[in-house]
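A.B. asks: Below you will find the structure I want to go over with you.
Computed from the coordinates by the stated procedures, all read-outs in this text should not be read as laboratory data. Keep in mind that this is a model prediction, so the values were computed, not measured. A quick note on method: Cβ atoms are made from the backbone with ideal geometry, for glycine too, and the neighbour counts reach across all protein chains shown.
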């Protein structure tokens, strides 16, 4: 089983979207039993809050199944509990590097898209472009699944 933790600043837009998009994709491909997917925040700002309404609206418009999410903060134990810890932008990566002693499992979501390695997922909290964030996350998750199928399964 491959365990993946998606991480962003507050765990109410990008990381939770990646979690739900990936869960939908692996369900559609009948791979659900091969994965464990979760998401978390690097900060305490949104702990306990559900997915941001505008992000939820975009996910639902793409027929992504939404669960009963509540934002949580990363824990030290997450490093040992997950195979991939995936941040959305440079700030997330910096925070993850500062939080965890080891770095080998930390990636950007865009690192899995050939030619877009090192690029960031735009933060819809600031850009207000939730559709763009969805598209970037969708493409990143799709590439991540292909990477895992080709290298880990």
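A.B. asks: Could you calculate the FRET efficiency of residue 94 with residue 30 from 1/(1 + (r/R0)^6), where r is the beta carbon distance between them and R0 is 41 Å, rounded to 0.05?
C.D. replies: 0.65
A.B. asks: Related question: How do the peptides 131-139, 72-80 rank, highest first, by the average count of neighbouring beta carbon atoms within 10 Å per residue?
C.D. replies: 131-139, 72-80
A.B. asks: Now for a separate question. Using only alpha carbon pairs under 8 Å that are at least six residues apart, calculate the relative contact order of the chain and give it in whole percent.
C.D. replies: 26 percent
A.B. asks: Another one. Rounded to the nearest 500 deg cm²/dmol, what is the calculated helix-only ellipticity per residue at 222 nm for the chain, with -39500 (n - 2.57) per DSSP H run of length n ≥ 4?
C.D. replies: -12500 deg cm²/dmol, from helical runs alone.
A.B. asks: So, in Å, what gap is there between the alpha-carbon centers of segment 73-115 and segment 46-70?
C.D. replies: Here the answer is 22 Å between Cα centres.
A.B. asks: Which of 52, 20, 97 moves the most in a Gaussian network model of the chain with Cα springs under 10 Å?
C.D. replies: Fluctuation is largest for 97.
A.B. asks: A further question follows. Going by a ≥ b ≥ c, the root eigenvalues of the Cα gyration tensor, does segment 2-151 fall in the rounded group (a/c under 1.5), the prolate group (a/b larger than b/c) or the oblate group?
C.D. replies: rounded
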